[in-house]
Amino acid sequence: MPNDNQSIEDLLAKKDPASPTGDDNEDKQGELQEKIGEIERAGTETEVAQKAQQLSLPYVDFAKTLIDREALALLSKQEIEQLKAVVFLNREGQIRMGTLDPTEDVIKKLDELAKANHAQSGLYFISEDSFQKALKEYDKIPKKSAPKKSVDITVQDLEKYKQDVKDLSKLPQRIKDIPLTDVMTIILAAGIEAEASDIHIEAEQDGIKLRLRLDGVLKDMAVIPREMWKQVISRIKLISRLKLNIEDKPQDGRISIKLPDDELDIRVSTLPTAHGESVVMRILRSSAVGLEFEALGIRGKSYNDLKREIERPNGMILTTGPTGSGKTTTLYAILNKLNKEGTKIITLEDPVEYKLKGINQSQIDKSKDYDFAKGLRSILRQDPDIVMVGEIRDLETADVAINAALTGHLVLSTLHTNDASGAIPRFLSMGVKPFLLSPSLNAVIGQRLVRKICEHCKEEAELTSDILPRVMKILESVPKNSGYAPDLTASLKFYKGKGCDKCREGYKGRIGVYEVFVMTPEIEKMVLEEKVSETDVKKITQEAGMISMVQDGILKALDGITSVDEVFRVTEE
C-alpha cells in the first residue's frame, strides 16, 4: 500500500513489477488519469464555490444538478457565448441562470427573461467546467427548421395579379388557374391595396364568402367554391402558425407581410361555426402609431380641455366607445405626445398591436394567470410616470387603476360605454367607491369614426326637408361656450361625394367625432352623493361647454369633411 505522502503522480511514474503490461497497463493508467481529473475538478469547484460566496451569489455544479434543456433554449448559442451564461431552469414561475461572470448585461438579460415569462429570477455562479457541460447539452437540443415568419408580397406579385387584386369578384373563375399560395397572396394584397382594416373569410353552406371592411363598412367581394374550403383554411392556419388539426376551438395567430417599403402585422382569429370556421384577419398598419395628437380631429374647447388634462402629472384619462371606434389610436396619439425624454411610459395590452418606440409594452397572458389587474400591480412596481391599460373590465382592475391615478401616476385606459357620460355610472355599477373615483378622474372621451368625403369627387349636397330641420336643431344646440358655435345667420353648405375611381362610394378614409368632458365641481358633488345618471352628467357637461359626438359630426359636415348622412349613420341619432 502506498503511504499517505505519495501523490497520484508518483504512483503513475513507478511500475508495479507484479502488474501486467500492454493494454492492461494502459487501462490502469487511464483510470488513474480519470481519478486525477476528478480530484482536480473537485478542487476547482471548491474554489468556484468560495468565489461565489465572495460575490454573494449562490453556487451550482452541473455535475450534480440536472439542466432543463427547454430552459437552455431561451438563449441563442450566440447569446450564451457572449454573456458566458446559461438558463438551466424555467419551471413553475421560477427561472434560474448560471454565469461565469455576473456582468450588468447578464443581470439585464435575466430580468428581461423573467418579465417575459412572468417568473421570479435567480442568478447562480458556475465553473468553466459546468459552462462547457451546458454547451454540450445545448448542442443536443433537436434543431427545428425555423417556420417562415412572413409572407412576402413583392412588386412583381402585385404587377402579376394587378387585375385580380383590383377586382376580387373574378377570383372564383381564376382560382382554377392560380396556385393556392398565390390565391392567398391575392386576397392579402387586395386587402392591403384597398386599405381595408379587416379581411373576413367565412365558410357558408353554399360557398366561402370573402369580405373586406373598408372605412368601417363590410363589403362583399367574392364567393369562393365550397370545395376549396379545406385548402383555404389549411393555408391560412399554416402561414399564421395555428394548429391545423384544431377545428372546434377558437385560435389566434399572426402573419407578417413584407412590402417593398413597409412591414405589416396581420392578427388572425379563427372561430368554429356551423359550416366550418370563420376567419378574420385584422391588418395593423404602422401609420396608426405615428398619428399626432393634433391630427385626431378634436377641436375647440374639447381640444384645449383634453390637452390640459393629459399634461397633468396624475389622474385618469378614459376613452369610451364600441369596438372599432378608434379608442386605441386615440390613446397611442396621446402617448406619442407624452413620450419625452425623462418620462417612463409602460403599457399593458391585450394584445400588443403596434410597437411604440421608447415605450415599455407588456402583453397580458391569461394562460399564465397574467391579467390586467395582476399586470397593473406589477407595472406600478416599475416606477412609471404614465401607464396605459388596454381596458378596464372589472372592479379589481378599476380599483388598481384608480389608486394608481391617486398616487402620482397618469393612467390612460378604455371603457365600453356608448358615450362619455356613461363612464361614471359604469364605474359606480362596478362597485368603485365614489370618494376614490371623484378625485381620480381627469377627463372622459367619447368617440366614433366617420368616413371622410373624397376630395376628388366632392360636390355640394342639398338636404331633404326632413333632414334639414334636424340638422338645424343640432347646430342651434351647440353650446355657445364651446369655442366652436357656428354662425347660423350665414349661408350653410353641406357636401357629399358622388363617387369616382379614387374612392369608395364617395368616401375615402375616416376621422373621429368626439365628445370630451372634464370633471367639474358639479359632477364631483353628484358622484359623492351617488346621485349620478347619464342624463344628468350629459346636461351638466353640455352646460359647461361640451360638444356632443353628433354636434361635432354635423360641424365637420358643415366644414365639408364628412356628410350629414354619414354622421347620422354612425352616431345613431
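Among all residues of the stretch 460-474, there is none that is at pLDDT below 90 and part of a strand (DSSP E or B). Could you tell me which residue of the stretch 295-310 is most open to solvent (accessible area, probe 1.4 Å), considering only residues that are assigned to a helix (DSSP H, G or I) and among the aliphatic types (A, V, I, L, M)? Restricting to residues being assigned to a helix (DSSP H, G or I) and among the aliphatic types (A, V, I, L, M), the top hit is 295. Being under 30 Å from the mean Cα position of the chain (by Cα), in contact (Cβ under 8 Å) with a residue 12 or more places away in the chain and not in a strand (DSSP E or B) is not true of residue 445.
Among residues of the stretch 557-573 that are within 16 Å of residue 449 (Cβ to Cβ), those with a Cβ under 7 angstrom from a residue that is charged (D, E, K, R) and not in a helix (DSSP H, G or I), sequence gap 6+ or separate chain, pair up as 561/452; 562/451; 562/452; 563/496; 566/451; 570/448; 571/448.
Tallying residues that are loosely packed, with under 15 Cβ neighbours inside 10 Å and closer than 19 Å to residue 364 by Cα within the stretch 92-114 yields 5. For the stretch 526-569, the set of residues classified as outside any helix (DSSP H, G or I), of a type in the set (Ser, Thr, Tyr) and modelled with pLDDT of 90 or more consists of 548, 562, 563, listed by residue number.
For the stretch 479-508, which positions are among the small types (Gly, Ala, Ser) and not in a loop (DSSP other than H, G, I, E, B)? If the condition is that a residue be among the small types (Gly, Ala, Ser) and not in a loop (DSSP other than H, G, I, E, B), then 482, 497 are the ones that fit. Among residues of the stretch 514-525 being assigned to a helix (DSSP H, G or I) and under 21 Å from residue 478 (Cβ atoms), the one that is least open to solvent (accessible area, probe 1.4 Å) is 523. Among the residues of the stretch 328-335, are any more than 22 Å from residue 360 (Cβ to Cβ) and touching a residue at least 24 places away in the same chain (Cβ under 8 Å)? No: the stretch 328-335 contains no residue that is more than 22 Å from residue 360 (Cβ to Cβ) and touching a residue at least 24 places away in the same chain (Cβ under 8 Å). Against the conditions (1) polar (S, T, N, Q); (2) surrounded by fewer than 20 Cβ atoms within 10 Å (Cβ to Cβ); (3) in a loop (DSSP other than H, G, I, E, B); (4) within 30 Å of the chain's Cα centre (by Cα), residue 403 satisfies every one except (3).
If the requirement is being open to solvent by less than 20 Å² (accessible area, probe 1.4 Å) and out of contact with any Pro (no Cβ under 7 Å at 6 or more places or on another chain), which of these qualifies: 315, 358?
Values: 358 fails: open to solvent by less than 20 Å² (accessible area, probe 1.4 Å).
Only one candidate passes the filter, namely 315.
Whether any residue in the stretch 336-356 is at pLDDT 90 or above, closer than 22 Å to residue 541 by Cα and part of a strand (DSSP E or B) is what I want to check. No - not one qualifying residue is present in the stretch 336-356. Residue count for the stretch 224-257 satisfying the condition of being open to solvent by less than 100 Å² (accessible area, probe 1.4 Å), in contact (Cβ under 8 Å) with a residue 24 or more places away in the chain and under 20 Å from residue 352 (Cβ atoms): 5.
Select, from 434, 479, 384, the only residue that is within 23 Å of the chain's Cα centre (by Cα) and either buried (at least 16 other Cβ atoms within 10 Å of the Cβ) or without any contact (Cβ under 8 Å) to a residue 24 or more places away in the chain (or both).
Exactly one residue qualifies, and that residue is 384.
Restricting attention to the stretch 361-381, the residues that are assigned to a loop (DSSP other than H, G, I, E, B) and surrounded by fewer than 17 Cβ atoms within 10 Å (Cβ to Cβ) add up to 2. Just one of (1) of a type in the set (S, T, N, Q); (2) more than 29 Å from residue 536 (Cβ to Cβ); (3) in contact with a strand residue (DSSP E or B) (Cβ under 9 Å, 6 or more places away or on another chain) fails for residue 417. It is (2).
Restricting the stretch 128-151 to residues that are in contact with a strand residue (DSSP E or B) (Cβ under 9 Å, 6 or more places away or on another chain) and open to solvent by less than 70 Å² (accessible area, probe 1.4 Å), the residue that is modelled with the lowest pLDDT is 150.
Looking across 269, 278, one residue alone is among the hydroxyl-bearing types (Ser, Thr, Tyr), out of contact with any His (no Cβ under 6 Å at 6 or more places or on another chain) and open to solvent by less than 40 Å² (accessible area, probe 1.4 Å). It is 278.
Of the residues examined, residue 234 is one that is farther than 23 Å from residue 512 by Cα and in a helix (DSSP H, G or I).
The values are calculated or read from the model by the stated rules, or taken from the named source; none is laboratory data. Since we're looking at a predicted model, the values are computed, not measured. Methodologically, a virtual Cβ is constructed for each residue, glycine included, from the backbone with ideal geometry; neighbour enumeration extends over all protein chains shown. The accessibility values were calculated without ligands, DNA or RNA, using every heavy atom of the protein model including side chains. Shrake-Rupley method; radii C 1.70, N 1.55, O 1.52, S 1.80 Å.
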